[in-house]
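The values are calculated or read from the model by the stated rules, or taken from the named source; none is laboratory data. A quick note: this is a predicted structure, and the numbers were derived from the prediction, not measured. Glycine gets a Cβ as well: all are built from the backbone with ideal geometry, and neighbour counts include every protein chain shown. Ligands, DNA and RNA are stripped out before the accessible areas are found, and what is left, the full protein with its side chains, is counted by its heavy atoms. Shrake-Rupley method; radii C 1.70, N 1.55, O 1.52, S 1.80 Å.
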Amino acid sequence: MSKKSVKFEGDNTLIHNDLSEESDLSNIPAVTKDSLYTNDILKLFQDSFNHILSSPSLEGFIQKVKSDLYNRDYISAFGQDDKRMAYSARWTPSRALCYSSLFSSLKEVKEVITDQNSKVLCVGGGAGGELIGLSSVFTQSRDFLNKDKYKSKLNIKLIDIADWTTIVTQLTSKVKKNWLYDEPDSLEVDFINDDVISVDPASLHLTDLNLITLLFTTNELFAEDKAKSIRFFQALNKLCQSGAYLLISESAGSYSHITVGSKKFPIQFLIDTILLGKKGEGEWELVNKSDSCWYRCEKDYQYPMKIENMRFFFRLYRKK
Ligand SMILES: C[S@@+](CC[C@H](N)C(=O)[O-])C[C@H]1O[C@@H](n2cnc3c(N)ncnc32)[C@H](O)[C@@H]1O
């Protein structure tokens, strides 16, 4: 089967090109020419979580997770297998669709995923949204009829303080079986169950990485421990190799404000200061950004739960 057969037959989505070509950072498309179709991605979740989606106790766990997230009690929200499964079935598909579009819309990120042997670290990526977003773009770039042409491999490391082993194992196995069936070894996925701001940064092999993602996780790190979080970013300054990319995203708006001393300000100001320096003398340069970017899913998607539209800010940095 060629990669075309992974496409969802009859999908009449309007497919867009790179953001860099369109220069519209306030919206990313429902699907791009460099990612899999919406319903192919959703089908992977449905196949992976069939037993969860049909469980009578699912709704109860979703409500518990919702309430924990509302109270910003992230440790409790992700502290139990049933809650993690409920989160993954309810919210990860929306995240995966958005990330699939975002990764393929950002030319530099797309190239890291598709054009070379790359190592990616997803901080706070245990729930699988980044894993499926990356895999969607990677799969779409493969030509199974012309394997010699596409020899690059993708290594994805996911580090998370909560133990998402079951979810990561399940999703990885479906990606290899359903999407990369002809070349499952082209994708390598490792899950590290640890606290990213407490581990020895050297253990993360930061010097080898081509891309680091911190998607909807930075706020949590700073809520846990500001000093340790700043030290983690300083380790990125010191250890990441020249040319590495760092993609950060959080909710747009006041939800992502941080209090330091008596002042409250958008978290991206603090991150920009640590990474770019006050006058651009920092270790990183800004490649792309949006303070308010919308992802809106197609209306005729096929999934038994609601798929959420997302509004977020993002920053893409490159190490000098
Ligand atoms: C709001 S969720 C976002 C999940 C995913 N990145 C996404 O966008 O769908 C935040 C994730 O960060 C993880 N996390 C929080 N603090 C962490 C830490 N200190 N080290 C590693 N992971 C952490 C949580 O367990 C959770 O999986």
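Per-structure values
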item: For the range 259-320: relative contact order, % (alpha-carbon pairs under 8 angstrom, 6 or more apart); result: 34
item: Highest average packing first - 225-236, 259-270, 100-111, Cβ atoms within 10 Å; result: 100-111, 225-236, 259-270
item: Stretch gain in nm, segment I192-K226, where the contour uses 0.36 nm per residue and the Cα spacing is subtracted; result: 10.0 nm
item: Radius ratio Rg over Rh of the range 44-130, counting only Cα atoms, Kirkwood formula for Rh; result: 1.05
item: All aspartates and glutamates inside 17 Å of K320 as judged from Cα atoms, apart from same-chain residues fewer than 8 positions distant; result: E108, D208, D272, E281, E283, E285
item: Equivalent-ellipsoid semi-axes of the chain, from the Cα gyration tensor, Å, largest first; result: 28, 24, 19
item: Value at 222 nm in deg cm²/dmol, rounded to 500, when DSSP H runs of n ≥ 4 in the chain each add -39,500 (n - 2.57); result: -11000 deg cm²/dmol
item: Contact order normalised by residue count of the chain, Cα under 8 Å, 6+ apart, percent; result: 19
item: Too-long pairs where the Cα-Cα distance tops 24 Å, listed order kept, from K279/K319; K157/K228; K66/K263; K33/K153; K64/K264; K176/K306; result: K66/K263; K64/K264; K176/K306
item: Within the accessible area of the range 255-320 (1.4 Å probe), percent carbon and sulfur; result: 51
item: Segment K238-K177, length gained on full extension (0.36 nm per residue, minus Cα span); result: 18.1 nm
